[in-house]
Number of protein chains: 2
Amino acid sequence: MGKLLVVGSVALDTVRTPFGEGTEVLGGSATYFATAASYFTGVDLIAVVGEDFPEAHLKFLKSRGIDLAGLERRPGQTFRWKGEYTHQLNEAHTLDTKLNVFETFRPKIPESYRSPDLLFLGNIDPELQLDVLQQVKRPKLVACDTMNFWINGKRDALWRTLAQVDVLVINDGEARALGDSPNLVQVAQKILAKGPKHLIIKRGEYGVLFFNHKQTFGAPAFPLEQVRDPTGAGDTFAGGFMGYLAATGNLSEEAIRQAIIFGSVMASFTVEAFSLDRLRALDYKEIEARFREFKRLTHFNDLP
Amino acid sequence: MGKLLVVGSVALDTVRTPFGEGTEVLGGSATYFATAASYFTGVDLIAVVGEDFPEAHLKFLKSRGIDLAGLERRPGQTFRWKGEYTHQLNEAHTLDTKLNVFETFRPKIPESYRSPDLLFLGNIDPELQLDVLQQVKRPKLVACDTMNFWINGKRDALWRTLAQVDVLVINDGEARALGDSPNLVQVAQKILAKGPKHLIIKRGEYGVLFFNHKQTFGAPAFPLEQVRDPTGAGDTFAGGFMGYLAATGNLSEEAIRQAIIFGSVMASFTVEAFSLDRLRALDYKEIEARFREFKRLTHFNDLP
């Protein structure tokens, strides 16, 4: 079993969807990532919170076996995000962002974290992502996320980071912006030519596409009768993906495909409830059962 | 091998996409359907054209082994559709529709066509679809398509038709309108409760979802480096789907899943070129090769 390190945000979210709302609930990319990954492996977490961050959330993260030695607690308020979704649940509308202590976040990797086997660089400034990479012994696998803000505002720095990264995990809108084409195959060719060895494109309710120089893999999203809150689905996906790879220590193409399905499975749980409510209540048997349902969902016989 | 009958439109399309244009090129739901199906089985076609319909198109359809005894030739002009697509290729913008001889189309099934094993009711007035059903000996499998125009304008007639149908094949926007929900699982439950035994939801570049009372199947669309013209993709899908089922005579769940992949394969060829240009130039080996690529695209190992 490999050591997994995540750098990202821990936040308090206020979210409204057609199915309810959550006020100042636990959120943040590193939170979703680490909680999802914790069902497969231990996780070291790097993030920052303010003095107001509830003790109960820390307790929860610890209860999941997440190492919080790298969770800084700084004077000031915790990062807050406020958003809403219409029935078109694929896209969040941000109502308010208060970066607070996250604004001056400079990840410092504790000594005990400096030899991760796998590293996930959550969606932060690409220069900080690169700085994190320089603080650790080169991991076996580095994955990262980004967003339009950095694609538009710090493209050169982002490409420099991507050149050091094994797997880029982004959503389809971001992929099209970064690859500068509406066609995802062309997008993949451009991105793979300049940087990461593997590209995972998240398409929300439409599933996921994976590209590298040798192959393409596609899977639908798990069809759910009730999607209550899509917040955190992408980070949960990444957590399931990296958590499984860390647990098996196997980075073969077959393992990567299974890891993508585990990521999709974990994301399908997250969106069934607000915040991490569904993710908190899981046991590993449910995860395995849904993986097997995924297999039945996508199975067809090959030609003789 | 079963006998396959299709009722629908034969048209002359004028289409513009970011990748080129076609002026008065061969189109129509029955045309795409029958041509796709012809790679698997013989097809009997019911449609109407005007006096202006080019002889070369008739020759082409005959060359594909399509029986044209049911293709009426009437005084007047052939159905014409004019549309365009932006880079967002999933949705056509209709610029002009001239129904011409199609406006008064009343399908009359020739004696020789009255015992089909499989029947596809293309997107026409649901009352005409029902009328066709009454003219034939009950086939083993009846599938149909529809569109928002009938969902909004003739919903009761449409439900009466759907109650007689085994497979409804529609796109996701239409499914949401008919099932009155943004959630496709809920949509499927509503539609299956009132009518067809099987529901296939086409999602364009995002692939396809299949529902019946017992199971769900999902497949991504085949990732293509170049999509030039999406016109006819849905009818091509239906043609590949029904053509394969007719060819095997097997209506098991496993055969239906394979048929959905064959439908997706055929649609992936159609969109690579304008009109039926790519579909005309196919040989069956290419179809089988792409089916196998689809298997590799979607394969992952189950848990031990």
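The values are calculated or read from the model by the stated rules, or taken from the named source; none is laboratory data. Here the structure is a predicted model, which means the values were calculated and not measured. Note: ideal-geometry Cβ built from the backbone for every residue, glycine included; neighbour counts use all protein chains shown.
Which of the residues spanning the stretch A:181-197 are within 21 Å of A:Ala157 (Cβ to Cβ) and either facing chain B (nearest Cβ under 10 Å) or at pLDDT 95 or above (or both)?
If the condition is that a residue be within 21 Å of A:Ala157 (Cβ to Cβ) and either facing chain B (nearest Cβ under 10 Å) or at pLDDT 95 or above (or both), then A:Val187, A:Lys190, A:Ile191, A:Leu192, A:Ala193, A:Pro196, A:Lys197 are the ones that fit.
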Of everything in the stretch B:191-226, what is within 15 Å of the chain's Cα centre (by Cα) and among the charged types (D, E, K, R)? Give them in sequence order.
B:Lys202, B:Arg203
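For (1) touching a strand residue (DSSP E or B) at 6+ places or on another chain (Cβ under 6 Å); (2) part of a strand (DSSP E or B); (3) modelled with pLDDT of 95 or more, each residue gets a yes or a no:
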residue: A:Gly2; (1), (2), (3): yes, no, no
residue: A:Asp13; (1), (2), (3): yes, yes, yes
residue: A:Arg16; (1), (2), (3): yes, yes, yes
residue: A:Gly22; (1), (2), (3): yes, yes, yes
residue: A:Leu26; (1), (2), (3): no, yes, yes
residue: A:Ala30; (1), (2), (3): yes, no, yes
residue: A:Phe33; (1), (2), (3): yes, no, yes
residue: A:Tyr39; (1), (2), (3): no, no, yes
residue: A:Ala47; (1), (2), (3): yes, yes, yes
Members of the stretch B:270-286 that are within 12 Å of another protein chain (Cβ to nearest Cβ) and surrounded by 24 or more Cβ atoms within 10 Å (Cβ to Cβ)
B:Val271
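Given the criteria more than 14 Å from chain A (Cβ to nearest Cβ) and over 22 Å from B:Leu130 (Cβ atoms), does B:Gly243 qualify?
Considered against the rule, which asks whether it is more than 14 Å from chain A (Cβ to nearest Cβ) and over 22 Å from B:Leu130 (Cβ atoms), B:Gly243 comes out as yes.
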Filtering the stretch A:274-304 down to residues that are closer than 14 Å to B:Asp302 by Cβ, without any contact (Cβ under 8 Å) to a residue 60 or more places away in the chain and part of a helix (DSSP H, G or I) yields A:Glu288, A:Ala289, A:Phe291, A:Arg292, A:Lys295, A:Arg296
Tell me which of these A:Phe102 doesn't satisfy, since it passes every other one: (1) more than 19 Å from A:Gly70 (Cβ to Cβ); (2) in contact with a Phe, Trp or Tyr (Cβ under 8 Å, 6 or more places away or on another chain); (3) touching a residue at least 60 places away in the same chain (Cβ under 8 Å).
(1)
Test A:Phe237 against the criterion of being aromatic (Phe, Trp, Tyr), within 19 Å of the chain's Cα centre (by Cα), farther than 27 Å from A:Arg160 by Cβ and surrounded by 24 or more Cβ atoms within 10 Å (Cβ to Cβ), and give yes or no.
no
Looking only at the stretch B:202-221, decide whether some residue is out of contact with any strand residue (DSSP E or B) (no Cβ under 8 Å at 6 or more places or on another chain), assigned to a loop (DSSP other than H, G, I, E, B), buried (at least 17 other Cβ atoms within 10 Å of the Cβ) and within 14 Å of chain A (Cβ to nearest Cβ).
no
Among A:Ala289, A:Ala267, A:Ala259, the single one that is out of contact with any strand residue (DSSP E or B) (no Cβ under 7 Å at 6 or more places or on another chain) and away from chain B (no Cβ under 14 Å) is A:Ala267
